[in-house]
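**Q** Mind looking over this structure? Questions follow.
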Amino acid sequence: MNIKFAEKYGFCFGVKRAIQIAERNRNATTLGPIIHNTREIARLERDFDVSLSEDIENLADAQNVIIRTHGITKQDLQTLQERKKHIIDATCPFVTKPQKIVKKMSDEHYQIIIFGDKIHPEVKGVASYGENVCVITSVEELEKVKLEKKVALVSQTTKQPKQFEQIAAYLVSKVNECRVFNTICNATFDNQHAADMLSRDVDVMIVVGGKNSSNTKQLLAIVQKHCPHSYLVEDENDLQESWFEGKALCGITAGASTPDWIIKRVQEKIEQI
Ligand code: SF4
């Protein structure tokens, strides 16, 4: 079986960086999962003594606290500082950027509009840096917001650029002054585009990633459009030989939270088949 990888797949820059930070800081606790992959979290715990705490109140004796890629709220950060924790910041720089923008614009008395999902940890964190903040997911929602004269717009890193443009265009047409900050990160779209391209050329396509990961499910939906023989596997044990019968070329892509060592095992098993 010949194998071809998507041009871009797997860990993004921010996740790679966070894992490296965790590996350099043994005996630490991450506040929230550092990555949406249970196997990688287990590996960090087993090999590097990096444990996980879902809640700031459950940190108990943990002295070294790693802040995950999506960041935390300003209030949680203050709590950690007050409790004299040693803070190891693995927040992705692409998430720190909108946090800083929201703080600066808020200090300059702009009304802040965040294009994002209210309950997403990244958005909660970014929103916590502003005073007058409104989180919306569409132009329809924005239409119900009482806009002020000066408005600043940022986006959750994983939002669609087209929708962001529509929201920016609406704001520009409604307020006296609108500052637009494109804080979308291209990592997810680059992976999706590369998977889409590859799925057009292969007989069978394997997407490696967590079955609960929305990012991985999105990848599967994209590749299924051009390659009906597309399958999602969490690791090599999910592969079925029958998928490859009569097929010559297998494409592989992986979700943004899938570590390389799992992808390698899947590759080796397919090669054996
Ligand atoms: S997807 Fe983008 S913003 Fe999110 S962690 Fe990765 S590089 Fe950072």
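**Q** On the basis of being modelled with pLDDT of 95 or more, part of a loop (DSSP other than H, G, I, E, B), within 30 Å of Val133 (Cβ to Cβ) and open to solvent by 10 Å² or more (accessible area, probe 1.4 Å), does His109 make the cut?
**A** For His109, the condition - modelled with pLDDT of 95 or more, part of a loop (DSSP other than H, G, I, E, B), within 30 Å of Val133 (Cβ to Cβ) and open to solvent by 10 Å² or more (accessible area, probe 1.4 Å) - is met.
**Q** Select the helices (runs of 4 or more DSSP H) contained entirely in segment 176-273, then report the ones holding at least 2 residues which are in contact (Cβ under 8 Å) with a residue 60 or more places away in the chain and under 20 Å from the mean Cα position of the chain (by Cα).
**A** 187-199, 260-272
Results for (1) surrounded by 18 or more Cβ atoms within 10 Å (Cβ to Cβ); (2) of a type in the set (A, V, I, L, M); (3) within 21 Å of Arg265 (Cβ to Cβ), shown as yes or no for each residue.
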residue	(1), (2), (3)
Asn186	no, no, no
Asn191	yes, no, yes
Ala195	yes, yes, yes
Leu198	yes, yes, yes
Met205	yes, yes, yes
Lys211	no, no, yes
Ala221	no, yes, no
Gln224	no, no, no
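**Q** Right, next: Please work out if Arg68 is among the charged types (D, E, K, R) and either in contact with a Lys or Arg (Cβ under 9 Å, 6 or more places away or on another chain) or within 16 Å of the ligand (Cβ to nearest atom) (or both).
**A** Against the criterion (among the charged types (D, E, K, R) and either in contact with a Lys or Arg (Cβ under 9 Å, 6 or more places away or on another chain) or within 16 Å of the ligand (Cβ to nearest atom) (or both)), Arg68 qualifies.
**Q** Can you name the condition, by its number, that Lys97 falls short on among (1) outside any helix (DSSP H, G or I); (2) in contact with a strand residue (DSSP E or B) (Cβ under 9 Å, 6 or more places away or on another chain); (3) open to solvent by 20 Å² or more (accessible area, probe 1.4 Å); (4) within 16 Å of the ligand (Cβ to nearest atom)?
**A** Going through the list (1) outside any helix (DSSP H, G or I); (2) in contact with a strand residue (DSSP E or B) (Cβ under 9 Å, 6 or more places away or on another chain); (3) open to solvent by 20 Å² or more (accessible area, probe 1.4 Å); (4) within 16 Å of the ligand (Cβ to nearest atom), Lys97 breaks only (1).
**Q** Within segment 114-157, which residues are without any contact (Cβ under 8 Å) to a residue 40 or more places away in the chain, within 16 Å of the ligand (Cβ to nearest atom) and not in a helix (DSSP H, G or I)?
**A** Of everything in segment 114-157, just one residue is without any contact (Cβ under 8 Å) to a residue 40 or more places away in the chain, within 16 Å of the ligand (Cβ to nearest atom) and not in a helix (DSSP H, G or I), namely Asp117.
The values are calculated or read from the model by the stated rules, or taken from the named source; none is laboratory data. Keep in mind that what you see is a predicted model, and the values were worked out from it rather than measured. Cβ sites come from the backbone with ideal geometry, for glycine too, and all protein chains shown count toward neighbours. Surface accessibility is based on the protein's heavy atoms, side chains included, excluding ligands, DNA and RNA. Shrake-Rupley method; radii C 1.70, N 1.55, O 1.52, S 1.80 Å.
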